[in-house]
Amino acid sequence: MPANILVVEDEPAIQELIAANLHHAGHHVLRANDAEEAIHLVRETLPDVVLLDWMLPGMAGLQFARRLRSDERTRDLPIIMLTARSEEHDKIAGLEAGADDYLTKPFSPRELLARIKAVLRRRAPQMTEDAVEIGGLRLDPATHRVTGDGRGIELGPTEFRLLHFFMTHAERVHTRTQLLDQVWGDHVFVEERTVDVHIRRLRSALEVSGHDRLIQTVRGSGYRFSAQTE
Ligand code: CA
């Protein structure tokens, strides 16, 4: 599944090589030359993964990783540190700062893509192709099919992503801002009421099998997908 990947790397040749490989694998690539640029990009669009160089001009990669971890909005954002160093203590410092994984340069494109897939599976299950089933409702990202008690359910692309996110993050309350970040990847240029419009469409599509009851409105907070009755 294509992911939005932010590459923070000051070396133009390496940045270009990584971006070309990611692009070739079907991912969308955002690029930053330093942490300040990256902060600006993250503010506009929440990426699915950050590839973060250790040695950056200005704010160091490690410091930026800590900053992402300390902000509620980016706390769970998968981070893969990239570095030319290979000393064990650097690796530990990177992981302690909140990085999910660590790649030592030079690395092969295959290794990079495998690591990205692995962190997405751990951190963001809605990004993987694994089918999910809750209370008789089944969603298969690989075939793009949704069924409710075996009956086919037709969904638009946004409703599909919304349902996928809900099903992989069930029983939790999500605010409209969080849903915009996670499902639309944007909370700046899309209005919050857009979320309500798509929730309404999703509920109406799920009525076929009665699974619309799984999407609960939490007054004053947002929405929750739950297999437990209120
Ligand atoms: Ca560098």
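The values are calculated or read from the model by the stated rules, or taken from the named source; none is laboratory data. These numbers come from a predicted model, not from an experiment. Backbone-built Cβ (ideal geometry, glycine too); neighbour counts: all protein chains shown. For accessibility, only protein heavy atoms count, side chains too; no ligands or nucleic acids. Shrake-Rupley method; radii C 1.70, N 1.55, O 1.52, S 1.80 Å.
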Run the accessible area of the chain with a 1.4 Å probe and give the carbon-and-sulfur part as a rounded percent. 48
Using the Cα gyration tensor of the chain, the equivalent ellipsoid's semi-axes, largest first and to the nearest Å, work out to 35, 18, 15
Cα pair distances in segment 4-124, grouped into 5 Å bins until the bin that holds the longest one, percent each: 2, 12, 25, 28, 22, 10, 1
Place a point 7 Å from the Cα of E129 along the Cα-to-Cβ direction; which residues of segment 3-47 have their backbone N under 15 Å from it? 3, 25-27
Surface per residue (accessible, 1.4 Å probe) for the chain, Å²: 51
What nm distance separates the two modelled labels at D76 and D212, each placed 7 Å from Cα along Cα→Cβ? 2.7
H23/Q228 FRET efficiency (R0 30 Å; Cβ-Cβ; nearest 0.05): 0.10
Helix 35-44: angle to the longest alpha-carbon principal axis of the chain, degrees 0 to 90, nearest 10? 10
Excluding ligands and nucleic acids, what accessible area in Å² is computed for D181 using a 1.4 Å probe, to the nearest 10? 10
Could you check how many percent of all C-alpha pairs in segment 86-162 are farther apart than 14 Å? 71
Once amide hydrogens are built 1.01 Å from N within the peptide plane, the residues lying 5 or more places from V218 or on another chain with amide H under 5 Å from its amide H are Y223, R224
So how many Å³ per residue does the convex hull of the Cα atoms of segment 98-207 work out to? 136
Out of residues 5 or more away from R145 or on other chains, whose amide H comes under 5 Å of its own, with H placed 1.01 Å from N in the peptide plane? D140
Note on the chain: contact order normalised by length, alpha-carbon pairs under 8 Å, 6 or more apart, percent, works out to 14
Inter-probe distance in nm under a simple model that places probes 7 Å from Cα toward Cβ, at T143 and T177: 4.0
